[in-house]
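The structure appears below as structure tokens.
Only the coordinates and a few stated rules stand behind these numbers; no lab work does. Quick caveat: nothing in here was measured; it's all calculated off a predicted structure. No Cβ is skipped: glycine too gets one built from the backbone with ideal geometry, and neighbour counts run over all protein chains shown.
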Amino acid sequence: MESSKEMPSNEEILSGFSRLALEALPLVLDKKMVRHLLQSTFKRLDPVCHFCGAELQGKAKTSFLDGRRTRCAACGSRIMVWQGTPLHGSKLTPEQFYLVAVMNALKAGPEVIKSLVGISHSTELSWRKKLSGRNPVEGAGCNQ
């Protein structure tokens, strides 16, 4: 007896695999590795004050490298690792930013990005405009 169903085309199969890969991406991200990748991309691995250039020590250094706000012992300025990067002032977590940038580079549609990253339509649209047609880091306004 012959089956009435047709075999899916190569494009349909690849589209299905692409969708599965995109859906799995948020689940397999290592938060610490994403933060390290973004910090190295944005040249923020050196624990130094953005204002006076003093090297951070002890708890201030640990807080800075963990992405938390800290205070420079030399000048008293409050600093964060994300100052001067596209993430400064953004409500996206580093992991969400990374997902939006990667999915944008992979040409994922807006609905896919919104649903998988958990962001609003306006946030997705804003970041898509910042990232469109460029290297995700350069498109987001990072000075390299």
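Brief remarks follow.
- Between Ser90 and Met7, the FRET efficiency from the beta-carbon distance, with R0 = 30 Å, is close to 0.10.
- Cβ-to-Cβ counts within 10 Å put Leu37, Leu99, Leu116 in ascending order as Leu37, Leu116, Leu99, the fewest first.
- Under 28 Å from Lys129, Cα to Cα: lysines that are on another chain or at least 8 residues apart: Lys31, Lys32, Lys43, Lys91, Lys107, Lys114
- Couplings for the stretch 105-115, taken from phi via the Karplus curve 6.51 cos²θ - 1.76 cosθ + 1.60 with θ = phi - 60°, read 5, 7, 6, 5, x, x, 5, 5, 4, 4, 6 Hz in order; Gly and Pro are left as x.
- What separates the Cα centres of the stretch 76-123 and the stretch 14-66 is a distance of 12 Å.
- What the phi angles of the stretch 39-44 give under the Karplus curve with 6.51, -1.76 and 1.60, with θ = phi - 60°, is a coupling list of 4, 5, 5, 8, 6, 10 Hz, glycine and proline written as x.
- Given their separation in residues at 0.36 nm each and the Cα-Cα distance between them, Cys52 and Asp30 gain 4.7 nm when the chain is fully extended.
- By the count of other C-beta atoms within 10 Å, a proxy for reagent exposure, Arg128, Arg44, Arg68, Arg35 are ordered fewest to most as Arg68, Arg128, Arg35, Arg44.
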